Amino acid sequence: MAEDLQPAFDKLRQAAEGLAEVVEGTSYGTPSLHVRKKFLCRVKDADTAAVMCALEEKEMLMEADPHLYFETAHYKGWPVVLVRVHDIPPDQLRTRLERAWLMQAPKSLAKARQAAG
């Protein structure tokens, strides 16, 4: 992995800690996290992460905090929001990854998580 991507990936890994069956991989040649082969997030560049996000929520996030959440033309219309990974508070990043996990995890896994509290 390119050395400059490591700090961003470390933040993603830390935020995803404890989410069931999250594994490391690559997506578009950069480090990523997946749940049962489904994409959760990836490092886009040294300062940016691409995180799965429902379209309605993405619009709301970009409007509420355009410094932290944004998109490029490539991501328009896709359920992925770009996040300034070094600026977002760790608890907010954790929330984004939990929401991505709930979107992507198989229903049985998501139900088990909700039952566990």
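Every number here is computed from the coordinates shown, using simple stated rules; none is lab data. Worth saying up front: this structure is predicted, and the values here are computed from it rather than measured. All Cβ positions, even for glycine, are placed from backbone atoms using ideal geometry, and neighbour counts span all protein chains on display.
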Legend entry - CD proxy at 222 nm, helix term only [per DSSP H run n ≥ 4: -39500 (n - 2.57); per residue of the chain; nearest 500]: -12000 deg cm²/dmol
Legend entry - Value in Å of the Kirkwood radius, where the chain supplies the Cα pairs that are averaged: 14.2
Inset, instruction - May I ask which residue of S108, Y69, V81 lies farthest towards the positive end of the charge dipole of segment 3-109, with charges of +1 (Lys, Arg) and -1 (Asp, Glu) on Cβ and the Cα centre as origin? - result: S108
Legend entry - Phi-based couplings in Hz for segment 65-74 (Karplus 6.51, -1.76, 1.60; Gly and Pro marked x): 8, x, 6, 7, 10, 7, 9, 10, 3, 4
Inset, instruction - For the chain, with a Gaussian network of springs between Cα atoms less than 10 Å apart, report the residue from E24, E57, E98 with the top mean-square fluctuation. - result: E57
Legend entry - Burial ordering of M103, M60, fewest other beta-carbon atoms within 10 Å first: M60, M103
Inset, instruction - State the three equivalent ellipsoid semi-axes of segment 21-85, derived from the C-alpha gyration tensor as the square roots of 5 times its eigenvalues, in descending order and whole Å. - result: 20, 13, 10
Legend entry - In the chain, lysine pairs closer than 21 Å at Cα, eight or more apart or cross-chain: 13
Legend entry - Cut-off of 10 Å, at most 15 other beta carbons, DSSP loop: longest stretch of the chain lacking such trypsin sites (Lys or Arg not before Pro): 77-117
Inset, instruction - Kindly list the residues of segment 88-117 that lie in the label zone of R36, defined by a backbone N under 19 Å from the point 7 Å along the Cα-to-C-beta vector. - result: 97-117
Legend entry - Ranked S32, S27, S108, criterion: other C-beta atoms within 10 Å, fewest first: S108, S27, S32
Inset, instruction - Once you've got the GNM for the chain with C-alpha springs shorter than 10 Å, pick whichever of L33, L102, L82 has the biggest mean-square fluctuation. - result: L102
Legend entry - Amide N proximity, segment 40-60 versus D87 label position 7 Å along Cα-to-Cβ, cut-off under 18 Å: 43-51, 58-60
